[in-house]
Amino acid sequence: MTHSAGTFGSPPAIGHWTPTGAPPSDTPEAFRSAVGDLRSPVVIVRAGTGFAVARGGSAALGAQPGAKDGYPIAAYLPPLPPEQLGDPSFLRDQSLRYPYMTGAMANGIASVEIVEAMSRAGMLGSFGAAGQSLERIGAAIDRLKANLGTAPYCVNLIHSPNEPAHEMATAELLLKKGTLLVEASAYLDLTPAIVRYRAAGFRRDATGAAVPTNRVIAKISRVEVATKFLSPPPEKILRELVAAGHITEQQAVLAAQFPVADDVTVEADSGGHTDNRPAITLLPTILALRDRLQAQFQYAIPPRVGLAGGIATPASVAGAFAMGAAFVVTGSVNQACVESGSSDPVRKMLAEAGQADVTMAPAADMFEMGVKLQVLKRGTMFAMRAQKLFDLYRGYTSWEAIPEAERVQVEKTHLRATFQDVWALTREFWAKREPGQLQRAEADPRHRMALVFRWYLGLSSRWANAGEPGRQVDYQVWCGPAMGAFNEWAKGSHLEHPKNRTVVGVALNLLYGACVVTRRAALRQQGVNLPDGCFPLAPLATDEVAARLRA
């Protein structure tokens, strides 16, 4: 089989290859084997009117005008194991093998099982603590510490503008449990909770150098928020924390020498909380911002910038690293894996989703602010029903002010109970979680209405996680268009079925495939454009892809 050098000719040869044994091979199998062997270099030669893979022999670079035997070298690929895709300092500081992270999905969807599996495979997992009680978060951390020992893991700390006391209590718990790495998400501004967590970990080592024990990876999608995390914490917040006895004077001084976050994750068009920003414009913008702030503050270790949102295929992973990402973060695709805290019905829904099967809906945690998140719309009516509740909240000052026909409809379809019955359940919840919310509700009927509506929005995610049979039309499933892209790539392979999807199997296939895509691009840039059949692009069994990465 001959692969044509192209109608318009080829670039000059970069050298000359002399065989010592077998001649070069031009079969698709030979190309797939060579390109897929990531830890070995590849030499592509011109053979006749096409290209072939050199096997064995010796190569000489540069023009070889007197050479008679052998073949002109058309392209060369250096080894490219996935460990080399991102920033080596990120791997070093986080004690990882691969520049790959699974992001936190709230309510334990990003489960302890996901975090443990990722850590054991040399990657990083973030536990979905948002929406969880302090008791559940504490139990999850205890299990991670017991099962992983000193291996890396991460826990989510989410911005909770409507529950600042719970956010601070979560930060206190993380400090008490000795959690050394936090993924900060959904922040609109810096809060005392995240600054306290960061600053409370500073100390001086034996040489007197400042050491940041508590590390932060901040998930951001706006320049103004990224600026805050890539800058030292505000003096005002540090002073308040010192005055309250939360940090020492020395910790405040040391914290002012470092950015709030060691790393930031650029969150593009992701599931859940998102600004729907395109990665191809957002990542370069944040990289440039990082460079400007690094020049301004001269940090000893420049903050790294990763990418999340749309990371679902080998091409998207390769594209992220090609644009300069230090690491990648996956989200939606992990929810369909067997280790996730979701349910089998939801995993099936996700595995059948296309890229257009998503929409925006009101968020439970920032309902009154009108903040929206990205959810699955195929197979569920949650988005439409949640929007109905927000429209009622925006249009009326209390539940009683809503026309009776509307109230009856909401009680029948959304609440499946009377407003007063749901309010009784809501009161019980907030009495334990944050009693101040009840005081506001007693004084403000509109806030009481919001809390009842948030009851529906909050439970809709839990119904999905539990696979509640009678509530499937109300399932709230956080999902971005990445899910559809992954399903299209997985079609026809073992990964098409959710029962075969494991977070490690998915991760290793994405990393391996990204290396193959990167090598293919390098060949194309050298004038060697080969058909799909010459590249191992389809998902592989976990054992096989793991063996190829070890080879």
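If contacts are Cα pairs under 8 angstrom and at least 6 residues apart, what is the relative contact order of segment 98-330 in percent? Relative contact order for segment 98-330 comes out at 16 percent.
Labels on offer are (i) 35, 31, 21; (ii) 42, 27, 23; (iii) 48, 29, 19, and the one holding semi-axes √(5λ) of the Cα gyration tensor in Å computed from this structure is (iii).
Determine the alpha carbon to alpha carbon distance for each of K177/K219; K176/K432; K228/K388 and list only those over 27 Å. Cα-Cα > 27 Å for K228/K388; rest within.
If you take all other residues with their beta carbon under 9 Å from the beta carbon of D93, and give Lys and Arg +1 and Asp and Glu -1, the sum is +1. Helical content alone sets the calculated 222 nm signal of the chain at -12500 deg cm²/dmol, taking -39,500 (n - 2.57) per DSSP H segment of four or more residues and averaging over every residue.
Let me know the shape class of segment 384-490, please: from the alpha-carbon gyration tensor, a ≥ b ≥ c as square roots of the eigenvalues, rounded when a/c is under 1.5, otherwise prolate if a/b is greater than b/c, or oblate. Please report the intermediate quantities before stating the final value.
Values: a/c = 2.12, a/b = 1.73, b/c = 1.22.
Prolate, because a/c is 1.5 or more and a/b exceeds b/c.
Between R97 and A206, the simple spin-label model (points 7 angstrom out along Cα→Cβ) gives 3.1 nm.
When you restrict to C-alpha pairs under 8 Å that are six or more residues apart and normalise by the size of segment 351-474, the relative contact order lands at 26 percent.
Just so you know, all these numbers are worked out from the coordinates, no wet-lab data involved. Everything numeric here is computed off the predicted structure, so don't read it as measured data. FYI the Cβ positions are ideal-geometry reconstructions off the backbone, even for glycines, and counts take in every protein chain you see.
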